[in-house]
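Report on the following structure.
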C-alpha cells in the first residue's frame, strides 16, 4: 500500500488581503490561487477602478501590454478573488484592522512619485516628472499635473529635455513626438496631450548620465521611438534615421545635468572633465526612477507576529518598478512564500471589515460598467475614453446597476 503524500486540503480557507491591484498585486494573487485554490483573496485599491499601473502607468499606445488585464479580469469574474475599490488602506481601514481580519496582507502599492534630480533648479516651475506626464496622458484621477498653474495653459514648449535612459524616458518622448494618426488604437487622453503640445515640438533631447551601452531601455523601445514619422534622430551625433527635416530627436550619453533655469539646461560630461554645455529649453522632464517618500503602510508599530504576516510585492518591496515579466516572476515567488509560511487561523476576512468600508466603495461589477462606458464614449481611432475624476468613475459604475447588485 502506497502512502498518499499529497498536501491535504486546509480545513479553513486562507484569508489574504492584497493592497494594490496593479501588476505586482494581481500577479501575486493569481499565483496564490494556483497554489492554494481554496484561499479567499480580496484585492483592495485606493482607486475606484482596478489594475493600477497597468491602467495608469503603461504608455497609452502600448495596448498589447495593457492587454494583460484580461487575464486579471478572469481572476475576478470567476470568483477566485474579489475586488474592492475606492478604499484607502491606512485611512478608511487601518493596517492594524486589516491584519487582524486576514491571515496575510500583501502590500503592492508601488512607488507613487518620481525621483527628483539633485541639481540646482530641479524644483523649478518648468520641471516635471515623467511618471506625472504618463499619468496625465492616462487620465489618472489624481494626476498631479492636472492642476499645474502653468503647464496646461502654456504647454511644454518647443524645446524639451528628458533626463534618463530607461523605458519611461522613451515612453514619454514617443507619446509627445507621435502624430495623432500614429496614436490610433490607443487610449491616450487627447485633451491633455493637446494641452501639453500647445506649441509644436521643435527639439526633444534625451540625456543619459551613463554610457550608451549601459542604457536601461530595451532595444525594441529605441527602435520604436526612432520609427516615429517625421523625426530626425541622432545618438551622440550619429544619425539614426534618414529623415533630415521636421522634429529633432537628439540622444546624448555621458551627460550629467548640473543646473536648470526657466530657459536653459547646463550639462557637463559625466566624468567631470570638459566644458559645460548649455541648451535652450522650455521644459525638463525627469525620468530617473520612482520612490515612496511616505513609506506607505509601514509596519514598525505592529506586534512582531503581525509584522511577519505582512508581505511586500513589486516596487513596494524591491524599490524598483519592474516590467510585467519581472512582476510576474516576483509575484509567483512571493505567493510561494505565503503558501509555505502562513497557515489559516480562522480569521474572518472581508466580512470583518465590510462595515468599515466607505459608502462609495466599488466592486468588480461596477468596473465592468465603467469599462463598457469608457469604450462606448471613445473618440474616433481610440479604444476608450477614460473618465478622469473619481466622481465620474463612480457615477459610471452606478449607471445601469440593478437593484439586486
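Could you check how many residues of the range 339-380 are farther than 30 Å from residue 305 by Cβ and within 24 Å of the chain's Cα centre (by Cα)?
18
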Of the conditions (1) part of a loop (DSSP other than H, G, I, E, B); (2) over 28 Å from the mean Cα position of the chain (by Cα); (3) under 16 Å from residue 173 (Cα atoms), residue 275 clears all except one; give me its number.
(3)
Kindly establish whether residue 287 is closer than 19 Å to residue 169 by Cα, buried (at least 17 other Cβ atoms within 10 Å of the Cβ) and in contact with a strand residue (DSSP E or B) (Cβ under 8 Å, 6 or more places away or on another chain).
yes
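Here is a check on your reading of the model: is residue 41 surrounded by 24 or more Cβ atoms within 10 Å (Cβ to Cβ) and at pLDDT 95 or above?
Details: surrounded by 24 or more Cβ atoms within 10 Å (Cβ to Cβ): yes; at pLDDT 95 or above: yes.
Answer is yes for this residue.
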Which condition number does residue 248 fail, the rest of (1) touching a strand residue (DSSP E or B) at 6+ places or on another chain (Cβ under 8 Å); (2) over 19 Å from residue 169 (Cα atoms); (3) in the same structural domain as residue 150 (by TED's automatic domain parsing); (4) touching a residue at least 12 places away in the same chain (Cβ under 8 Å) being met?
(2)
The lone exception for residue 311 - which of (1) outside any loop (DSSP other than H, G, I, E, B); (2) within 28 Å of the chain's Cα centre (by Cα); (3) not assigned by TED's automatic domain parsing to the domain that holds residue 92 it fails
(3)
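Given the options 161, 59, 104, name the one that is touching a residue at least 60 places away in the same chain (Cβ under 8 Å), in contact with a helix residue (DSSP H, G or I) (Cβ under 7 Å, 6 or more places away or on another chain) and surrounded by 23 or more Cβ atoms within 10 Å (Cβ to Cβ).
Details: 161 fails: in contact with a helix residue (DSSP H, G or I) (Cβ under 7 Å, 6 or more places away or on another chain); 59 fails: surrounded by 23 or more Cβ atoms within 10 Å (Cβ to Cβ).
Residue meeting the stated conditions: 104.
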Checking residue 82 against (1) closer than 24 Å to residue 132 by Cβ; (2) touching a residue at least 12 places away in the same chain (Cβ under 8 Å), the condition it does not meet:
(1)
Would you mind stating whether residue 190 is closer than 26 Å to residue 53 by Cα, free of Cβ contacts under 8 Å to residues at least 24 places away in the same chain and either under 22 Å from the mean Cα position of the chain (by Cα) or exposed (fewer than 14 other Cβ atoms within 10 Å of the Cβ) (or both)?
no
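Looking at 235, 265 in this structure, which one is touching a strand residue (DSSP E or B) at 6+ places or on another chain (Cβ under 6 Å) and either within 18 Å of residue 117 (Cα to Cα) or not assigned by TED's automatic domain parsing to the domain that holds residue 166 (or both)?
On the way: 235 fails: either within 18 Å of residue 117 (Cα to Cα) or not assigned by TED's automatic domain parsing to the domain that holds residue 166 (or both).
Exactly one of 235, 265 is touching a strand residue (DSSP E or B) at 6+ places or on another chain (Cβ under 6 Å) and either within 18 Å of residue 117 (Cα to Cα) or not assigned by TED's automatic domain parsing to the domain that holds residue 166 (or both), namely 265.
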If I go through the range 35-56 residue by residue, how many of them are in contact with a helix residue (DSSP H, G or I) (Cβ under 8 Å, 6 or more places away or on another chain), free of Cβ contacts under 8 Å to residues at least 40 places away in the same chain and farther than 27 Å from residue 113 by Cβ?
1
Positions within the range 145-158 being at pLDDT 85 or above and out of contact with any helix residue (DSSP H, G or I) (no Cβ under 8 Å at 6 or more places or on another chain), in sequence order:
147, 148, 154, 157, 158
Can you name every residue in the range 99-131 that is assigned to a helix (DSSP H, G or I) and out of contact with any strand residue (DSSP E or B) (no Cβ under 6 Å at 6 or more places or on another chain)?
100, 101
Only one residue in 322, 317 is surrounded by fewer than 16 Cβ atoms within 10 Å (Cβ to Cβ), modelled with pLDDT under 95 and part of a helix (DSSP H, G or I), so which one is that?
317
Could you please give the count of residues in the range 266-284 that are modelled with pLDDT of 95 or more and surrounded by 15 or more Cβ atoms within 10 Å (Cβ to Cβ)?
8
Can you tell me which of (1) within 25 Å of the chain's Cα centre (by Cα); (2) surrounded by fewer than 19 Cβ atoms within 10 Å (Cβ to Cβ); (3) part of a loop (DSSP other than H, G, I, E, B); (4) not assigned by TED's automatic domain parsing to the domain that holds residue 62 is the one residue 298 doesn't meet?
(4)
Which one is surrounded by the most Cβ atoms within 10 Å (Cβ to Cβ) among residues in the range 342-364 that are assigned to a helix (DSSP H, G or I) and without any contact (Cβ under 8 Å) to a residue 24 or more places away in the chain?
354
Return the total of residues in the range 132-149 being crowded, with 22+ Cβ neighbours inside 10 Å and part of a helix (DSSP H, G or I).
5
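The values are calculated or read from the model by the stated rules, or taken from the named source; none is laboratory data. Everything numeric in this text was worked out from a predicted model, so none of it was measured. Using ideal geometry, Cβ is built from the backbone for each residue, glycine included, and neighbour counts are taken over all protein chains shown.
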